[in-house]
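Participant: Okay, here's the structure, questions in a sec.
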Amino acid sequence: MPTREEKHKNGSLLSPSLFISIGALLLSAWVAYTSTLSPPDVHVSFSDPVWIHLGDLPTKEDSPGEVGLVLTCSFTNTGARNGVVEDVLLRIQSEDGSENWLFFPIFQIDASKVLLAREVPSPSPTSIVGVQLMNALSGIFYPVGVPGRSSVALTYLFKPVRDLAALKYTKLTPHTYEIAALVRMAGEDGYKRTQTISVKIVPHSIDIINSGQSLQIQSDQEHNARSYVK
């Protein structure tokens, strides 16, 4: 019959191996979860937007028509399971709070055709999109499937939402605007904010946009980041 000293000695020898086994088991479970079981976690980052004049409202001195934004959205899923983005919106607010708008993706754009068509002048500044974008439309917005641990990049034309009085587009005026991406995943009711940039709009920029030309305006975040490059 083992003595108390022998039992204590055997227990001491077994304890480290037991702890190692438990640790290995927990590590294996964590690896399995993160590699195959973790739920989708999709974030959206987007390029500096290209502002265009849609011109689908009557041209008036106090209401020169709507503007649209063309930008590329990169959907990145850091989870292991596939995710589906049901909707993506842009919340645009002026720095002083006087303007508060919501934009939605109406068309998917073939970015390569937009680049090729930039040399082709629009026949009319008041056409809904202009020949450049009309030739580049590749479809309407549809839910975006993003496989686990991967990214999908798509370019869209965003235009103002009209049926929400509190967020109805009014008029582009000189301001610093905050542009935030809002994403709604499949099976969820609410939206989550994923990226926010700030863009300064000056009177000259508005003149260019209202003339029917497209204009890409660098965000404050990108400008500040590049200023650190020596």
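Only the coordinates and a few stated rules stand behind these numbers; no lab work does. This structure is a prediction, so every number in the text was calculated from the model and none was measured. As a convention, Cβ positions derive from the backbone with ideal geometry for all residues, glycine included, and neighbour counts pool all protein chains shown.
Participant: Cys73's amide H: which non-local residues (gap 5+, or another chain) put their own amide H closer than 5 Å, with H modeled 1.01 Å from N in plane and none for Pro or chain starts?
Facilitator: Amide H neighbours of Cys73: Leu154, Thr155, Tyr156.
Participant: Let's test the formula: R0 of 41 Å, r as the Cβ-Cβ distance of Lys200 and Ile20. What FRET efficiency results, to the nearest 0.05?
Facilitator: In this case the efficiency is close to 0.10.
Participant: Once you have the Cα-Cα distance between Asn82 and Ala225, take 0.36 nm times their residue separation minus that, and quote the gain in nm to one decimal.
Facilitator: Contour length minus the Cα-Cα distance gives 48.2 nm.
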